[in-house]
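Structure first, then comments.
Nothing in this text is a laboratory measurement; each read-out follows from the coordinates by a stated rule. Computed from a predicted model, the values in this text were never measured in an experiment. Cβ atoms come from the backbone with ideal geometry, glycine included; neighbour counts cover every protein chain shown.
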Amino acid sequence: MKAAQINKYGGSEVVEINNNAPKPNVSEGHLLVEVYAAGVNPVDWKIREGYMAKNVPLKFPSTLGGDFSGVVMEVGAGVSGFKKGDEVFGQAGTLRGGSGSFAEFASADVSVTVRKPKNISHVEAAALPLTGVSAWQALVDHIGLSRGKKILIHGGAGGIGTVAIQLARHLGAYVATTASARDLQYVRELGADEATDYKNQSFDDLVHNYDAVFDTAGGETYEKSYKVLRKGGIIVSMLAQPNPELMKQYGVNAIGQFTQVNSERLKKVAELAEKRIIKVHIDKTFPLEQAREALEFLQTGHPRGKVVLKMK
């Protein structure tokens, strides 16, 4: 089978297309899936560059990719509720016990795989697992966002931000977001009540007394975000760890989120997608052969919404 693999850590030059990669064996608790589409996420190029090599070293050659959508080909021992021919989506990354989704076939753990929503495409479904669950875990599980609350979402035009704005509106919150000038209209169309140009405006001068911040930017943006919160407010960051000094200074709670995809959260996201409460926005698709270019585009191109590899 064909797969996008690396034999060492590094930049985009280390990504190679192996036309003779062995098809994964189906193991206990797993599904063998024919991959129709694979979502591309920042974590994929971070894994390629070796960001997680100390904690979770890869065994080379290693197939890249986590998010996928496809069709079940074989069902492993001990698996119930799935059969050959089922359309499914979820995660098949090597860090989640899978074989990597940037391939024509992948082994996926059933604990991170669910049925694909019937009324969305495989490309749309492949864009959802990490972004959808990240938004759900932050807004529902950590923040407990509800009607009438005010939330600031950083990076509103990105993969996670796009879903988070729609989810926040569905939960009845008032939504402010930051984006580039070219994306301000786009994020308003997603449902943002107000949008700030992060390059030319200071969001911390414009936004005050908010209940929550969901940060997908990190750095200085994260530090400034503490001051827009009311006392007792909460900030959840995808990139930064809680700052005890700022927590004490502003009287707020802070959480550094490591997204934990599981079938329960995936089912919630699938339900929202099926009802079209969350609509997936695809910036660009690439064929599997251009996995290297897809990762480069994600890393440097500031895509609006998601980047997806399309196999079928």
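Side notes on the structure shown:
- Restricting the calculation to Cα atoms, every distinct pair contributes to the Kirkwood radius of the chain, found to be 19.7 Å.
- Modelled label reach - GLN185, point 7 Å along Cα→Cβ, the stretch 296-312 residues with backbone N closer than 19 Å: 303-305
- With 19 Å as the limit, the listed pairs LYS224/LYS279; LYS150/LYS231; LYS116/LYS267; LYS23/LYS312 have LYS224/LYS279 beyond it between alpha carbons.
- Taking other C-beta atoms within 10 angstrom as a stand-in for reagent exposure, GLU28, GLU274 fall in the order GLU28, GLU274, fewest first.
- Whichever lysines have a C-alpha closer than 17 Å to that of LYS8, once near sequence neighbours (fewer than 8 apart) are set aside: LYS46, LYS54, LYS59
- Reachable aspartates and glutamates, given that their alpha-carbon falls under 16 Å from the alpha-carbon of LYS83 and they are not under 8 places away in the same chain: GLU28, GLU34, GLU74, ASP109
- For a label point 7 Å along the Cα-to-beta-carbon line of GLU16, residues of the stretch 84-102 with backbone N under 20 Å: 94, 99-102
- In the stretch 105-226, a dipole from Cβ-located charges (positive for Lys and Arg, negative for Asp and Glu) runs towards its positive end, and of LEU190, LEU139, ALA108 it is ALA108 whose Cα lies farthest in that direction.
- Each of PHE105, PHE214, PHE60 has some number of other Cβ atoms within 10 Å of its Cβ, and from fewest to most they run PHE60, PHE105, PHE214.
- Check: the stretch 131-256 dipole with +1 on Lys, Arg Cβ and -1 on Asp, Glu Cβ, in debye: 300 debye
- Residue ranges 94-104, 78-88, 6-16 sort as 94-104, 6-16, 78-88 when ordered by packing (mean number of other C-beta atoms within 10 Å per residue, highest first).
- Of all the options VAL56, VAL261, VAL280, the one that moves most in a Gaussian network model of the chain with Cα springs shorter than 10 angstrom is VAL56.
- Cross-link reach list, aspartates and glutamates versus LYS306, counting only Cα pairs under 12 Å and skipping chain neighbours closer than eight places: ASP67, GLU124, ASP283
- Per residue of the chain, the DSSP helices (runs of n ≥ 4 H) give a summed -39500 (n - 2.57) that works out to -7000 deg cm²/dmol at 222 nm.
- Convex hull per residue volume in Å³, alpha carbons only, for the stretch 195-258: 77 Å³
- Efficiency of FRET between LYS23 and HIS302 - r from beta-carbon atoms, R0 35 angstrom, step 0.05: 0.45
- Calculated P(r) tail over 18 Å for the stretch 131-256, as whole % of Cα pairs: 44 percent
- Sorting THR221, THR113 from the fewest to the most surrounding beta carbons within 10 angstrom yields THR221, THR113.
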